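The values are calculated or read from the model by the stated rules, or taken from the named source; none is laboratory data. These numbers come from a predicted model, not from an experiment. Cβ atoms come from the backbone with ideal geometry, glycine included; neighbour counts cover every protein chain shown. The accessibility values were calculated without ligands, DNA or RNA, using every heavy atom of the protein model including side chains. Shrake-Rupley method; radii C 1.70, N 1.55, O 1.52, S 1.80 Å.
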Amino acid sequence: MKEIRLLSTSAILGYGFPEASLQAGMARAPHVIGVDGGSVDPGPYYLGAGVPFCSVMAIRRDLRLMLRAATAARIPLMIGTSGGAGGAPHLELTARLVREIAAEEGLHFRLALIEAEPPRAELQRRLAAGRIRPLGKLPPLTAEALDRASRVVGMMGPEPFMEALDNGAQVILAGRASDPAPWAAAAIRAQLPPAPAWYAGKMLECGATPSIPKGHDCLLVTVREDGVECEPINPIRRCTPLSIANHSLHENSSPIHHIEPGGMLDTSDCRFDALSDRAVRISGMRWTPASQYTVKLEGVEFTGHRCISICGTRDPLLIARLPLFLEEVRGIVREKAAAFGVAPESYALIIRTYGLDGVMGAREPVQQVAGHEVGFVIEVIAETPEIAAAVLGIARTNMLHTDFPGRLCREGNMAFPFSPSDISVGPVYHFSIHHVLELDDPCEIFPITYEEI
Amino acid sequence: MPSIRELARVCKSKNAGPFDLTIDIVFDDTALYRKVRASGVITEALFARLYGVAAEDVLLTPYDAAMAIKATFPRLVPAGGIGDTDVYGCQQHAPLLDVEIPV
């Protein structure tokens, strides 16, 4: 029976995996190895700023082991959403690391770089042609919002990976890609049906996450025409029907209808059968092709600059009148900032109260502080770093010194763990584009360049 | 009456994209899962009440194959937006833990 074995090393390039797991995984003779290079989950900053959310040291370590393994076994290595967010700088950073490692290790291969950050004019043309639609409750995209975005990427499907494989690439680094796309590409190109191919991708995109105990480690998935088999490589982990079912719920809005570029994976009738105490066979998935091929667009816009300060109180009298106290501090900040020329509408002051509602905010049902101490993150976001720092300075001083009735702690209300107390966090971004773009050719906005390394 | 924290094997929250939060409650016993579903406690209205969203904005999907119930609804603030408290959305499950279910 036709089958393809796919080995994913970890949930994200740079999260790490045991070297022994990679070796044991390679002994299973996989046809392809790979790892997801990024995620939208760490938030809008990484796409906006063009930097990875894993350290270069950690990425380099994982990449070196994978490049060595793939070249020794003469199999493809594929990485989607390179550099954390899959924009042009993220792809270039990952490509630079690959070139450096190859030079250090004397490795040779054909490298494909698949770009996912289309020129803005190109997107404007498609917007004008009515080919960009909003997702969920977002408003339709406007030309102005598209212009204002700091960075916009398209989320590719499997087709650009297949094209790169067809052209003889052995190491494929892609910009923003649907997480399962490289895996689906490998399986579909091996003449396997799209339903198990996409399902395999859903499992592999997170490394050993579908196993227990959860950890950043290697997962082997065997794709056949009638289903997929999942098995973690590390003997300390096991895939069970429950762990697989649990993973099928991961980060999606519906557990049964998974919208992907080019179609929908329907898992409503999936069966999870234990093959052993550590491997599971999943069958019964279906694929419905879409009448129109679409890719998701992700874009972020600059919000402002953020400054924060961290402090805590151990004073029961202050804790007892916390909401009033914070309101007073906000009032004083409003006055004093206005006095040095900063109007209230030109900054956002947020006082996060850990011990009360720091985690759930307005959705927190518990309205009483139960603990003996309360932690605060004082935060200011403003147009410039100078304004943010100035307003934060006033907020910090008044958290420390504002008087209140019955106050005994007359030297200061807050314990600050650091000097300097105020931290400039840098630029802040927000997600502004979460739309879909219709394509006639799945590869048309994802140009591929090849390099002989 | 037993609560979700006693009955479920998993009760977790996470982003489903930057604008939605998704909550999963997973059981490991078919009979128990059926009883929980039949109790009629886990509904769109329950999530609406606990999370302050409109019931029509809650997408509730029972997934029999996984003995799971999933609810997806808008985040309070988009992930990483001004005032967001939980960029990954993974600590928003607690209000469900004490929901009692007559099984």
Residue pairs meeting the criteria (Cβ under 6 Å; at least 6 apart or on separate chains; first away from every other protein chain (no Cβ under 14 Å), in the range A:226-255; second open to solvent by 20 Å² or more (accessible area, probe 1.4 Å) and in a helix (DSSP H, G or I)): A:233/A:24
Within the range A:138-166, considering residues that are within 27 Å of residue A:180 (Cα to Cα) and of a type in the set (Asp, Glu), the one surrounded by the most Cβ atoms within 10 Å (Cβ to Cβ): A:159
Selection count, the range A:56-77, where residues are under 21 Å from residue A:89 (Cα atoms) and either in a strand (DSSP E or B) or polar (S, T, N, Q) (or both): 1
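Quick check on this structure: which one of A:431, A:404, A:376 is more than 14 Å from chain B (Cβ to nearest Cβ) and in contact (Cβ under 8 Å) with a residue 40 or more places away in the chain?
A:404 is the lone residue from the list that is more than 14 Å from chain B (Cβ to nearest Cβ) and in contact (Cβ under 8 Å) with a residue 40 or more places away in the chain.
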Qualifying residue in the range A:379-397 (condition: open to solvent by 30 Å² or more (accessible area, probe 1.4 Å), in contact (Cβ under 8 Å) with a residue 24 or more places away in the chain and not in a helix (DSSP H, G or I)): yes
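Report yes if residue A:85 is farther than 20 Å from residue A:215 by Cα, within 14 Å of chain B (Cβ to nearest Cβ) and either open to solvent by less than 50 Å² (accessible area, probe 1.4 Å) or over 13 Å from the mean Cα position of the chain (by Cα) (or both), otherwise no. I'd like the intermediate steps shown before the answer.
On the way: farther than 20 Å from residue A:215 by Cα: yes; within 14 Å of chain B (Cβ to nearest Cβ): yes; either open to solvent by less than 50 Å² (accessible area, probe 1.4 Å) or over 13 Å from the mean Cα position of the chain (by Cα) (or both): yes.
Taking the combined requirement at face value, the residue satisfies it.
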Lone unmet requirement of (1) assigned to a loop (DSSP other than H, G, I, E, B); (2) surrounded by fewer than 22 Cβ atoms within 10 Å (Cβ to Cβ) for residue A:249: (2)
Positions within the range A:297-343 being free of Cβ contacts under 8 Å to residues at least 40 places away in the same chain and buried (at least 19 other Cβ atoms within 10 Å of the Cβ), in sequence order: none
Residue ID - nearest to the other protein chains (Cβ to nearest Cβ), chosen from residues in the range B:83-102 that are surrounded by fewer than 16 Cβ atoms within 10 Å (Cβ to Cβ) and more than 26 Å from residue A:44 (Cβ to Cβ): B:98
Test: residue A:411 is of a type in the set (D, E, K, R) and either under 23 Å from residue B:90 (Cα atoms) or in contact (Cβ under 8 Å) with a residue 40 or more places away in the chain (or both): no
Condition broken by residue A:134, with the remaining ones in (1) more than 14 Å from chain B (Cβ to nearest Cβ); (2) open to solvent by 10 Å² or more (accessible area, probe 1.4 Å); (3) more than 21 Å from residue A:184 (Cα to Cα) satisfied: (1)
Which listed residue is modelled with pLDDT under 95, touching a Leu at 6+ places or on another chain (Cβ under 9 Å) and not in a helix (DSSP H, G or I), from A:83, A:37: A:37
Hits in the range A:26-49 - residues which are within 19 Å of residue A:86 (Cα to Cα) and among the small types (Gly, Ala, Ser): A:34, A:37, A:38, A:39, A:43, A:48, A:49
Selected residue (only one of B:10, B:41, B:36 is open to solvent by less than 10 Å² (accessible area, probe 1.4 Å) and either within 10 Å of chain A (Cβ to nearest Cβ) or more than 11 Å from the chain's Cα centre (by Cα) (or both)): B:36
Residues that are farther than 20 Å from residue B:8 by Cα, assigned to a helix (DSSP H, G or I) and at the interface with chain A (Cβ under 10 Å from one of its Cβ atoms), drawn from the range B:50-82: B:57
Hits in the range B:14-30 (condition: more than 7 Å from chain A (Cβ to nearest Cβ) and more than 24 Å from residue A:271 (Cα to Cα)): B:21
Total residues in the range A:1-57, condition open to solvent by less than 10 Å² (accessible area, probe 1.4 Å) and hydroxyl-bearing (Ser, Thr, Tyr): 4
Residue count, the range B:1-27 (criterion: part of a loop (DSSP other than H, G, I, E, B) and of a type in the set (Lys, Arg)): 1
Output for the range A:398-453, where each listed residue is of a type in the set (Asp, Glu), part of a strand (DSSP E or B) and under 30 Å from residue A:262 (Cα atoms): A:438, A:451
All positions within the range A:252-288 that are within 22 Å of the chain's Cα centre (by Cα) and surrounded by fewer than 19 Cβ atoms within 10 Å (Cβ to Cβ): A:257, A:259, A:264
